[in-house]
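Throughout, read-outs are computed from the coordinates displayed, never taken from laboratory work. Only a predicted model underlies this, so the values are computations on that prediction, with no experimental measurement involved. Backbone-built Cβ (ideal geometry, glycine too); neighbour counts: all protein chains shown.
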Amino acid sequence: MNFDFSEEQYLLRDQAKRFLGDRSTSAAVRAVLEDDAVSFDEGLWRGMAELGWIGTAIPEEYGGAGLSGEDLCVIAEELGRSLAPTPFSSSVYMAAEALLMTGSEDQKQEYLPALAMGERIGCMAVAEGIGLADPASAKTHVRAGLIEGMKVPVADGDVADFAIVLANTASGSDPSLFLVDLDGDEVSRKPVEMIDPTRSHAEITFAGAAAKPLGEPGQGWMITRAVFDRAAILMAFEQVGGAQACLDMAAEYARNRFAFGRAIGSYQAIKHKLADIYVATELARANAYYGAWALAVDAPDLPTAAAAARVAASEAYNLAARENIQTHGGMGFTWEFDCHLYYRRAKLLSLALGGERLWKDRLVSQLEASNSINKNSWGEE
């Protein structure tokens, strides 16, 4: 496989880099971080909607641009590089993807055009507290079209207009997915403190809210896994963008900070730190490109590609954010320097979609299954 983006996609990346360089500045990110009453940058969100980014992969008949998942990967990398404080991943990677994958025609017509225009924000509510989401232990349930229970933490749940919720039913079958509007009196929301307030989370309690079935009954966990696989690839690109930003920041500081009459970048200890970040970032980029290819062709090994990209990108971003602080020395720990902004985002993204442990376990399972198939195809015991 020799994957690379097209010339048009590189032009899209350049456009995204310019726009976000102007609009998602350090000052803009800090304005959201430091204001408890603000959950995201509404001006930036509107600007992204005007550029058509929110509807990038939504078909034209539903108000989107009708582009591909690869185009979305290009945008995701620049969003990660700029720390864009918007509910993009919740609305685009998950809510829109779930609707496109399994929504009825009426549901697509109702929700996707407003999503594409940035007029509505969506989220996906799966977890019910600390630990890995487990369909067998889920307590949220739907009876007679009404949903009861609590989901926490829900990314962007405090600002979303609707949620796609994993819940059990009275039939006792496997969990199903439901569409729930969040503006009714039967829904209460409470912000949840996270390490990165520029990506808000909430606790959502349902007390008899109307729930509309999404997809086939009993297929909720399978659909959720498929949505998370695709979201993991896009999130890996965000992480690669963030890791690259950390590397650029650390290298720039190392070139211009002098100690004992020499740039600190000339010292071996600093060189090794930067080299380690570079190697980890390039490994993550290669795995993310593998994921983009799998996303583009809907490859059978997409779950393996998603897990590999997710694990490599999480490790690279965490390393880059940590070593960026160390390269800056004592200044790296101060509020005035931007190192902590990337450290916060790196930690938050590594916990998203189930966290690193889940994706490492999934990668091992996928590789073991693939190895078993290959052995059988060669007639080996």
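Using θ = phi - 60° in the Karplus curve 6.51 cos²θ - 1.76 cosθ + 1.60, the 3J(HN,Hα) couplings for segment 290-306 round to 4, x, 4, 4, 4, 5, 5, 9, 6, 5, x, 8, 4, x, 5, 4, 5 Hz; x is entered for Gly and Pro. The local environment of Leu33, defined by Cβ-Cβ distances under 12 Å, has a net charge of -2 under the rule Lys, Arg +1 and Asp, Glu -1.
Placing +1 on each Lys and Arg Cβ and -1 on each Asp and Glu Cβ, with no other charges, gives the chain a dipole about its Cα centre of roughly 1300 debye. Give the distance, in whole Å, between the Cα centre of segment 212-237 and the Cα centre of segment 139-187. Cα centres, segment 212-237 to segment 139-187: 15 Å. The fraction of all Cα pairs in segment 53-194 landing in successive 10 Å bins from 0 to the largest distance is 11, 39, 35, 14, 1, given as whole percents. Charging the Cβ of each Asp and Glu at -1 and of each Lys and Arg at +1, and nothing else, the dipole of segment 78-176 about its Cα centre rounds to 160 debye.
Segment 167-312: D in µm²/s via Stokes-Einstein (Kirkwood Rh, Cα pairs, 20 °C, 1.002 mPa s)? Walk me through the intermediate numbers first.
Numbers: Rh = 19.2 Å.
Translational diffusion coefficient: 112 µm²/s.
Rg/Rh for segment 118-242 (Cα atoms only, Rh after Kirkwood) is 0.96. Each stretch of four or more DSSP H residues adds -39500 (n - 2.57); spread over every residue of the chain, this sum gives -17500 deg cm²/dmol at 222 nm. Calculated on the Cα set of segment 253-334, radius of gyration then Dmax: 16.9, 56 Å. Please list log₁₀ I(q)/I(0) at q = 0.24, 0.25 Å⁻¹ for segment 136-207, using the Debye equation with identical point scatterers on the alpha-carbon positions. Summing over Cα pairs of segment 136-207 leads to -1.06, -1.13. Binning all Cα-Cα separations of segment 71-129 at 5 Å, short to long from zero, yields these whole-percent fractions: 4, 17, 24, 24, 17, 10, 4, 0.
Between Asp158 and Ala202, the built amide H atoms are under 5 Å apart, and every one of these is 5 or more places off in sequence or on another chain. Just so you know, the Cα atoms of segment 234-381 work out to an Rg and Dmax of 18.4, 66 Å. Between the residues Phe206, Ala250, Tyr93, the greatest Cα displacement towards the positive end of the dipole of the chain, with unit charges on the Cβ of Lys, Arg, Asp and Glu, is found for Ala250. With contacts taken as Cα pairs under 8 Å at a separation of at least 6 residues, segment 143-265 carries a relative contact order of 26 percent. Against the compact-protein benchmark of 2.2 N^0.38 Å, the Cα-based radius of gyration of the chain scales to 1.01. Selection among Val159, Val29, Ala136 by position relative to the dipole of the chain gives Val29 as farthest towards the positive end (Cβ unit charges, Cα centre).
Relative contact order for the chain: 15 percent, from Cα pairs under 8 Å spaced at least 6 residues apart, divided by residue count. So what does the Cα-only Debye profile of segment 221-283 read at q = 0.16, 0.27 Å⁻¹, as log10 I(q)/I(0), no solvent term? After summing over all Cα pairs, the log10 values are -0.61, -1.05. Using alpha carbons only, how many angstrom separate the centre of segment 23-89 from the centre of segment 101-126? Spelled out, the Cα-based centre of one part sits 16 Å from the other.
For Arg120, the residues 5 or more places off, or on other chains, whose built amide H falls under 5 Å of its own are Leu115.
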